[in-house]
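S.K.: Got a structure here, written out as structure tokens. Questions coming.
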Amino acid sequence: SSVHPFVHANILAAIAALAQGLQGSFAPHYAPVMQYLRSVLGRQPQSTPERLWRSRGMLCVAHVASAVGMDTFRPDAEAVVEAVLASRISDGDPQMSTLHEIMPLFANVMGDAFLPYLSRIVPVLIQQLALDR
């Protein structure tokens, strides 16, 4: 696309805010938004603007899932969480703080369906704590 990744990132932030504000009323817009978000999550960004774009995509998908609930999110839940967990994130990457922010949102919306991911998430968080000492 010829639109700069920062513009895409700002649009994703607006969609996330709309979903958060509208909650279940956002459901009619779920399918096209989720299709786009899954394409964003499928990218492995090469530049800082692209990392910001993907970071906002991660945040947006979590807010959309939270807004519409598990019944609507269920068909996409596994693929979305797997795409997020497959992220290649380095030090200083905006995706890292976003990852910390969205995991509780996914856990809240997915409930027990999120439990299988904890064995992959918690050790990484503990490792990050150890590195920050």
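S.K.: Roughly speaking, what is the centre-to-centre gap between segment 1-79 and segment 93-133 when only Cα atoms are used, to the nearest Å?
M.R.: A separation of 18 Å, based on Cα centres.
S.K.: A further question follows. Using R₀ = 22 Å, calculate the FRET efficiency as 1/(1 + (r/R₀)^6) where r is the Cβ-Cβ separation of SER90 and ARG38; round to 0.05. Present the calculation step by step, with values, prior to reporting the outcome.
M.R.: Numbers: r = 23 Å, r/R0 = 1.04.
So the FRET efficiency works out to roughly 0.45.
S.K.: While we're looking at this one, here's another question. State in Å² the accessible area per residue of the chain; use a 1.4 Å probe, count heavy atoms of protein chains only, and round to the nearest integer.
M.R.: Details: 7370 Å² over 133 residues.
Counting only protein heavy atoms, the per-residue value for the chain is 55 Å².
S.K.: How high is the FRET efficiency from GLU78 to PHE6, r the C-beta distance, R0 30 Å, rounded to 0.05?
M.R.: Numbers: r = 30 Å, r/R0 = 1.01.
With R0 = 30 Å, the Cβ-Cβ based efficiency is 0.50.
S.K.: Which value at 222 nm does the chain reach when only helices count, each DSSP H run of 4 or more adding -39,500 (n - 2.57), with the total divided by all residues and rounded to the nearest 500 deg cm²/dmol?
M.R.: On the way: 6 runs with 101 residues, N = 133.
Calculated from helices alone, the mean residue ellipticity at 222 nm is -25500 deg cm²/dmol.
S.K.: Heavy atoms only, 1.4 Å probe, whole protein assembly: order VAL84, VAL7 by accessible area, highest first.
M.R.: Working: VAL84 0, VAL7 70 Å².
Largest accessible area first, the list is VAL7, VAL84.
S.K.: Which whole-number percent gives the relative contact order of segment 21-133, counting Cα pairs below 8 Å spaced six or more residues apart? Before the final figure, lay out each step's value.
M.R.: Details: 79 pairs, mean separation 33.1, N = 113.
Reported relative contact order: 29 percent.
S.K.: Given the Cα-Cα distance of GLN23 and ASP112 and 0.36 nm per residue of separation, how much length would full extension add, in nm? Show your work: numbers first, answer last.
M.R.: Values: separation 89, 0.36 × 89 = 32.04 nm, distance 2.12 nm.
Stretched fully, the GLN23-ASP112 segment lengthens by 29.9 nm.
S.K.: Multiply the residue gap between GLU101 and SER119 by 0.36 nm, knock off their C-alpha separation, and tell me the result in nm, one decimal place. Don't skip to the end; give the middle numbers.
M.R.: Details: separation 18, 0.36 × 18 = 6.48 nm, distance 1.77 nm.
Extending this stretch completely gives an extra 4.7 nm.
S.K.: Keeping the other protein chains in place, figure out the carbon and sulfur percent of the accessible area of segment 5-132, with a 1.4 Å probe. Before the final figure, lay out each step's value.
M.R.: Details: 3940 of 6730 Å².
Within segment 5-132, the accessible surface is 58 percent carbon and sulfur.
S.K.: In a Gaussian network model over the chain where Cα atoms closer than 10 Å are linked, find which of ALA83, ALA16, ALA67 has the largest mean-square fluctuation.
M.R.: Greatest mean-square fluctuation among the candidates belongs to ALA83.
S.K.: Another question, then. What is the sum of charges around PRO49, taking Lys and Arg as +1, Asp and Glu as -1, for the other residues whose C-beta is under 13 Å from the C-beta of PRO49? Numbers along the way, then the final one.
M.R.: Values: positive: ARG43, ARG51, ARG54, ARG56; negative: GLU50, ASP93.
Combined, the nearby Lys, Arg, Asp and Glu give +2.
S.K.: Still on this structure: Can you give me the P(r) profile for the chain? Cα pairs, bins 10 angstrom wide beginning at 0, each as a whole percent.
M.R.: Pair shares across the bins are 12, 45, 33, 9, 0.
The values are calculated or read from the model by the stated rules, or taken from the named source; none is laboratory data. The structure displayed is predicted, hence computed values, not measured ones. Cβ coordinates were reconstructed from backbone atoms using ideal geometry, including for glycine residues, and neighbour counts include every protein chain displayed. Side chains are part of the model used for accessible areas, which takes the heavy atoms of the whole protein and leaves out ligands, DNA and RNA. Shrake-Rupley method; radii C 1.70, N 1.55, O 1.52, S 1.80 Å.
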